[in-house]
Amino acid sequence: MLPAGGSIVAFLNSGEQGAPVERSARRRAEGEDRGMRTVCGLARAVQVLVSRGRGAPGAVAAVSPLTGGRRPLLTDRIGEQRRGGAKLDQVDGTTCGSAVLVALSAWADPAEVAHLEGESGAVAAGAGAGVAAGFGARWDARQKQVHAESTKLWPQALGTSPWGMTRWLREHAPAAGPYRVRLVDDASAADVAAAVAEVEAALSTGRPVPLLVGAFVPRHYCMALSRQDDGAWRVYEPTSGQVRAVDPALIGRRALRPLLGFDHLHALLLPS
């Protein structure tokens with residue numbers, strides 16, 4: 001989880017104060033509302049501005065499903081996620097990203113699960129409570145290891161940056177395929193709609209999508225696992241160790257807090 005920091009006050013308070021009603025209506029029609037932007041929303045708005053003149057944006061990129069057998073740690077069943085008697089939550093306040101990375105690595109590579117279950121991948125019969133203690137201890141230790149590996153160029157106390165997440169996946173979990181950082185401007189209805197479409201394109205092929213949420217600054221990682229028939233996403237929230245049903249319409253309303261701890265979607269890690 002990333003600790004709170006400063007905000008870009010000048011930008012957040014900027015805009016066309018007292019703009020005519022017709023100008024506001026035009027901006028809404030163009031897919032932008034008048035809410036204050038987050039830090040990542042500001043960066044995304046700059047990206048969009050710089051990219052203007054390069055032609056109209058293309059369709060959502062196709063996402064290829066991965067082949068091969070898998071033994072995922074997480075299911076898309078709503079509620080607490082457990083394995084070997086241990087709850088699959090983050091080990092401390094800075095390892096939400098690490099919990100997501102371990103879960104994503106386990107989804108892609110059965111060897112990750114085998115490691116967590118013990119070097120032999122088997123548990124002696126009759127171990128009883130030792131099974132839970134062993135798996136839970138390995139789950140916690142693995143998060144700490146991943147946290148150290150994914151923050152080599154970043155202060156560990158600040159959690160893991162999105163670029164540290166994608167670098168770790170590239171270097172340590174190649175079976176998951178490459179991921180890229182996609183910032184989100186949740187003050188723009190058009191950008192939210194495009195981001196939701198990109199997530200759902202990935203989920204439709206069975207590819208999980210890490211989500212970075214926060215207040216005005218990014219604070220916390222979760223991971224979208226699937227899209228259900230009712231349109232809701234199943235999302236792993238590592239603070240609680242639970243999978244929750246999230247209506248993607250809450251992103252545009254900037255109202256994710258009851259389910260994911262913070263209201264704003266800052267960024268996605270998309271498979272590419």
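The values are calculated or read from the model by the stated rules, or taken from the named source; none is laboratory data. A quick note: this is a predicted structure, and the numbers were derived from the prediction, not measured. Ideal geometry is used to build each Cβ from the backbone, glycine not excepted, and the neighbour counts take in all protein chains shown.
Report yes if ALA111 is surrounded by 16 or more Cβ atoms within 10 Å (Cβ to Cβ) and at pLDDT 75 or above, otherwise no.
Considered against the rule, which asks whether it is surrounded by 16 or more Cβ atoms within 10 Å (Cβ to Cβ) and at pLDDT 75 or above, ALA111 comes out as no.
Does region 223-271 hold any residues that are touching a strand residue (DSSP E or B) at 6+ places or on another chain (Cβ under 7 Å), surrounded by fewer than 22 Cβ atoms within 10 Å (Cβ to Cβ) and under 18 Å from ALA190 (Cα atoms), and which are they?
PRO248, ARG254
Answer yes or no as to whether ALA86 is buried (at least 19 other Cβ atoms within 10 Å of the Cβ), modelled with pLDDT of 85 or more and over 24 Å from ALA232 (Cα atoms).
Spelling it out, ALA86 is indeed buried (at least 19 other Cβ atoms within 10 Å of the Cβ), modelled with pLDDT of 85 or more and over 24 Å from ALA232 (Cα atoms).
Condition first: touching a residue at least 12 places away in the same chain (Cβ under 8 Å) and more than 27 Å from GLY35 (Cα to Cα). Now tell me which residues in region 172-187 satisfy that.
HIS172, ALA173, ALA175, ALA176, GLY177, PRO178, TYR179
Of the residues in region 145-162, how many are free of Cβ contacts under 8 Å to residues at least 40 places away in the same chain, surrounded by 15 or more Cβ atoms within 10 Å (Cβ to Cβ) and either within 16 Å of LEU268 (Cβ to Cβ) or not polar (S, T, N, Q) (or both)?
Total meeting the criteria: 2.
Any chance region 183-192 includes a residue that's under 25 Å from GLN81 (Cβ atoms), surrounded by 14 or more Cβ atoms within 10 Å (Cβ to Cβ) and modelled with pLDDT of 90 or more?
There is no residue in region 183-192 that is under 25 Å from GLN81 (Cβ atoms), surrounded by 14 or more Cβ atoms within 10 Å (Cβ to Cβ) and modelled with pLDDT of 90 or more.
This table checks each residue for (1) in contact with a Phe, Trp or Tyr (Cβ under 7 Å, 6 or more places away or on another chain); (2) surrounded by 12 or more Cβ atoms within 10 Å (Cβ to Cβ); (3) in a helix (DSSP H, G or I); (4) at pLDDT below 60.
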{"position": "SER24", "(1), (2), (3), (4)": "no, yes, yes, yes"}
{"position": "ASP33", "(1), (2), (3), (4)": "no, yes, no, yes"}
{"position": "ALA45", "(1), (2), (3), (4)": "no, yes, yes, no"}
{"position": "VAL48", "(1), (2), (3), (4)": "no, yes, yes, no"}
{"position": "LEU73", "(1), (2), (3), (4)": "no, yes, no, no"}
{"position": "LEU104", "(1), (2), (3), (4)": "no, yes, yes, no"}
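SER14 versus (1) small (Gly, Ala, Ser); (2) surrounded by fewer than 15 Cβ atoms within 10 Å (Cβ to Cβ); (3) at pLDDT 50 or above: which is the lone unmet condition?
(3)
Which number in (1) of a type outside the set (A, V, I, L, M); (2) within 20 Å of ALA43 (Cα to Cα); (3) more than 15 Å from the chain's Cα centre (by Cα) marks the one condition that PRO174 misses?
Condition (2) is where PRO174 drops out.
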